[in-house]
Each structure stands twice: as C-alpha cells, then as structure tokens.
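Before any comments, here is the structure.
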Amino acid sequence: MDRFDYIVDSHCHLNYKGLIEEQAEVVERARAQGVGCMLAINTKLKEYEQIVEIVETYPDVYGSVGIHPHEAENEPDVALEALLSRAKHPKIVGIGETGLDYFYDNAPRDMQQVNFRSHIAAARETGLPVIVHTRDADEDCVAILREEMEKGAFTGVIHCFTASQFLADAVLELGFYISISGIATFKNAKDLQATVKTIPMDRLLVETDAPFLAPVPHRGKTCEPAFVMDTARFVADLKGEDFDEFQHITSANFFQLFNKAQPPKRVLAA
C-alpha cells in the first residue's frame, strides 16, 4: 500500500451556509493545510444535485446521498430506489447521513427509525457504507444496527462520535468505524477523550462536520475542512501516535471503508 501523506476530512458540508459562499477558497485552504481528500455529505435529497456539482468540480472531493434524521418528517417514506439510483454516480461513495437524533427530536422518532432502516437497506444493496448520525439514542441505534445486520451484512461509520463507551464497543463489534470531530478537542470532553483512547487505530477516522464544531484553537469561528488538521493532531497526541503514522492510518481507513473512492493524487493549493 502506498503511504498517505495527507489527512482526509471524512465528513463536511461544503454546500452549507458559511462554506458555499467561498467554496473554492475553502477547498484551497484545506489543500494548503495538507487535507488530501474531503467527503461532502448530503442531508436532503433536494440538495443532492448540489453535492453532485461539488464532486464534479473538485477531484479531491467525494460525496454521499442521504436524508438526515432531522429531515425524516419532511422527506418521509423515501423510496429505496431514490437512494439506489443516486448512489450510481461514480463519485457518490456513501449512504447518509442518516440515523437517530433524540436530542432535538426534529422529526418523530418512529419516522427517524424508518428513514434509518431505508438507508441501511440501500447500504446493504449497494455495498456502500452507511454514515450514521446518532445523538441521545444509543440503545435504539445499536438495536437497529444489530437487527439489520442479521438481515445481511453492511458497513458503516458513526460520524462525529460523542456517545458512550457502550455505543463505541457495540459498533466496533459490528465492524463499524468511528469518526472523531473537533468536539474531542474541547476542554469539557474528558469522557469522550477517554473513549477515543480505546478506539483501535484501524477503525478510526477524523472529520470536521464543517461548518459546525470548529476545534480548538478555532472555537467560535465557522469550521472548515482545513481545521481537520487540528483535530487530527490532537487525537494523534491523545493516542500517543506519531502524526505521520496517524495520517497514513486514518486515510487508509477512509479508503478501506469508502472503497468506491479512489485515492486522489494530492492536489496542492495554488
């Protein structure tokens, strides 16, 4: 395997306010900081074409197709075919983000669960990983993942992990990956930091969730993919890993999981 000399931002929203206004500059700043690949996440089917435009513009950006749990009521009963057909695009490499959010409860929980299972079915059929958002829903999330895994294998990642050791252990047992965001750098994230130390390096990804959750030392700013380097350096130090090795392993993990994506040649900033 070739050595990866860059970090992958495994989850960002390049079509969201705060980034879309100067999208090209945002991508250039990420490249300048050593970010070699980014995954642009779809949260509403009506915005899918924005994701396609992004991934067709930037060779080092891939995308996903999915409906966020917050949108489960606005886009109910999504047909499996709606996900499958959109997943055929050569640069759409993941299904989601989907999952359960019982913290905000922006959609009825039963509708979130139906939405979640539809995405898992699409992940199973396409072979693409499911990108899972879960907040204050550990037990239901694990129950659904276990039930669905019994119907047939699929892969996936828990993005922006902030949950319990219980959830980490359960999803690792199912073969999932875990992605860490800038929240891990916050001073009040001691429990999360303790859990991060237990995640095997071969299951670890890093992300920004930009434009949200800017890591230290960028708190209060609009987050952007360049900031994934700060999270990566913090997590590498937290786990006692050499940074060069950390970036190689986490990037290799990304392309192992999102195996439809081809590692792009590093595109250096102009």
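In the range 12-28, the condition of being under 17 Å from the mean Cα position of the chain (by Cα), in a strand (DSSP E or B), buried (at least 16 other Cβ atoms within 10 Å of the Cβ) and polar (S, T, N, Q) is met by no residue. Which of the residues that make up the range 108-128 are out of contact with any strand residue (DSSP E or B) (no Cβ under 8 Å at 6 or more places or on another chain) and part of a loop (DSSP other than H, G, I, E, B)? The answer is PRO108, GLY127. The single condition among (1) closer than 19 Å to VAL55 by Cα; (2) touching a helix residue (DSSP H, G or I) at 6+ places or on another chain (Cβ under 7 Å) that PHE258 does not meet is (2). Note on the range 171-260: enclosed helices (runs of 4 or more DSSP H) holding 1 or more residues that are touching a Lys or Arg at 6+ places or on another chain (Cβ under 8 Å), polar (S, T, N, Q) and closer than 26 Å to GLU148 by Cα are 243-257.
A residue that is in contact (Cβ under 8 Å) with a residue 40 or more places away in the chain, crowded, with 17+ Cβ neighbours inside 10 Å and more than 19 Å from the chain's Cα centre (by Cα) can be found somewhere in the range 253-269. I want to confirm something. Restricting to the range 212-247 and keeping residues that are among the β-branched types (Val, Ile, Thr) and closer than 20 Å to TYR16 by Cβ, which single residue is surrounded by the most Cβ atoms within 10 Å (Cβ to Cβ)? So the residue we want is VAL228. Candidates in the range 144-170 are the residues that are part of a helix (DSSP H, G or I) and among the hydrophobic types (A, V, I, L, M, F, W, C); of these, the one that is surrounded by the fewest Cβ atoms within 10 Å (Cβ to Cβ) is PHE166. Among the listed residues VAL61, VAL65, VAL114, which satisfies the condition of being among the β-branched types (Val, Ile, Thr), surrounded by fewer than 20 Cβ atoms within 10 Å (Cβ to Cβ) and either within 24 Å of PHE255 (Cα to Cα) or more than 18 Å from the chain's Cα centre (by Cα) (or both)? Checking each option against the conditions leaves just VAL114.
Read-outs: derived from the displayed coordinates by stated rules, not from any lab. Nothing here was measured: the structure is a model prediction, and the numbers come from that model. Cβ: placed from backbone, ideal geometry, glycine included. Neighbour counts: every protein chain shown.
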